[in-house]
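In what follows, a single structure is set out as structure tokens and then discussed.
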Amino acid sequence: MKTNKDWDILIVGSGLYGATCAHELTQKGYRCLVLEKRMNIGGNCYTENRDGINLHLFGAHIFHTSNQRIWDWITQFAKFNHYHHTVKVDFEGKRFSFPPNLETFNQLWGVKTPEDAKKKLEEVRFKGAIDDSLEDYALSNVGEEIYNIFIKGYTEKQWGQAPKTLPSSILKRIPVRLNYNDSYFSDIHQGIPIGGYTPIIEKLLKGSEVRMGVDYLSNREHFNSMAKKVLFTGAIDAFCDYQFGKLLYRSMHFKHYCHEIEDFQGLAVINYTSAAVPFTRIIEHKHFELGTQPVTWISEEYPEAHSASSEPMYPVRDTDNLAKLTQYQGHLSTDAYKDYYFGGRLAEYLYYDMHQAIGGALKKSEQIAKDLANS
């Protein structure tokens, strides 16, 4: 039986951020205890093999980065295939190329050259006064038709709010191109780990003690007594017992289906942007690894309000919630929490891509190692 302070660092959460820190600190000789509330490691990037197909059970995760250091780091743990992410949009039964590119503009308006597309966009875009809302940003850049087909219904389903009430930053991640490039990401490196993400997480956690199905917050004093330092990757408002109010998240539930056919939709992701369709997209998992299995698995994604029975997934970073976040961060910066560290999507109330989570975790683990060495 372990005794008090037998661990140098207690890591709450076995998602990519926590697992990366566990690996880095274990490599430096520090003893890590990892607590995971769920019964699966890896958080939302957990994958499960069914019929030889690796299912992304909590939503599609495509690894992409232009940071060579991050790419070199992650490829220590898996071989990546050459999958490049492309998406189609289904709106009222019609299929369009996405993100908007010259093919999209040809489908909508019959234009064939970048110059003609540029002129058409200038013609259709809203030219009046705008605010910083997602809706105004979209209308001023691509006009009403593209907004209605590609953005409005999808946004209302995904966020549960009118686009007029959401910040433009949500949409600025999506490029608009005047060429035929329909790749969703423009990063130098892109792909899917052969065999899925779970084997990567298993390698990252090797050498740490991992306890599953453990709710740290239900007995934090007991768990804190076991280690010199604590890294918390869960929800920052929950850690503080919602002292300044709950932060708003959107969640998602998934319906997974097996079809006894080789191919269901011809590519990995199709977005359903009509408000009349209850789900936002269909994922066909075998396409991530270029599979040739005789069956296929698909997942429908249904956005929903976050509740006690669902996972917080997408932070709603509007003015009110960012003000609460500032209060939480100020509270946790006091000397009372000098032996605590907070990092990751939930603890920072920030939407992280996978390469960003790894980058943040590498930096945080360096800080923790330095502090442990000086303690």
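Read the figures in this text as sums done on the coordinates, not as results from a lab. Please read all numbers here as calculations on a predicted model, not as lab measurements. Cβ sites come from the backbone with ideal geometry, for glycine too, and all protein chains shown count toward neighbours.
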**OP:** Using only C-alpha atoms and all pairs of different ones, pull out the Kirkwood radius for the chain in Å with one decimal.
**Re:** 22.4
Original post:
Roughly how many debye, to the nearest 20, is the charge dipole of the stretch 87-182 about its Cα centre, given +1 on each Lys and Arg Cβ, -1 on each Asp and Glu Cβ, and no other charges?
Top reply: 220
Original post:
Do the sum for the chain: with -39,500 (n - 2.57) for every DSSP H run of n ≥ 4, divided by all residues, what is the mean residue ellipticity at 222 nm, to the nearest 500 deg cm²/dmol?
Top reply: -8500 deg cm²/dmol
**OP:** Estimate the FRET efficiency between LYS94 and ASP51 by the formula 1/(1 + (r/R0)^6), using the beta-carbon distance for r and 35 Å for R0, to the nearest 0.05.
**Re:** 0.65
Original post:
Quick one: length gained pulling ARG173 to GLN327 fully straight, 0.36 nm per residue minus the C-alpha distance?
Top reply: 52.7 nm
**OP:** Taking the dipole about the Cα centre of the stretch 87-182, with the C-beta of Lys and Arg at +1 and of Asp and Glu at -1, give me whichever of PHE96, ILE146, LEU166 is farthest to the positive side.
**Re:** PHE96
Original post:
What nm distance separates the two modelled labels at LEU217 and TYR257, each placed 7 Å from Cα along Cα→Cβ?
Top reply: 3.5
**OP:** Taking H placed 1.01 Å from N in the peptide plane, check which residues at least 5 places from PHE185 or on another chain put their amide H under 5 Å from its amide H.
**Re:** HIS85
Subject >> Between the stretch 304-375 and the stretch 58-105, the Cα center-to-center distance that results, in Å >> reply: 26
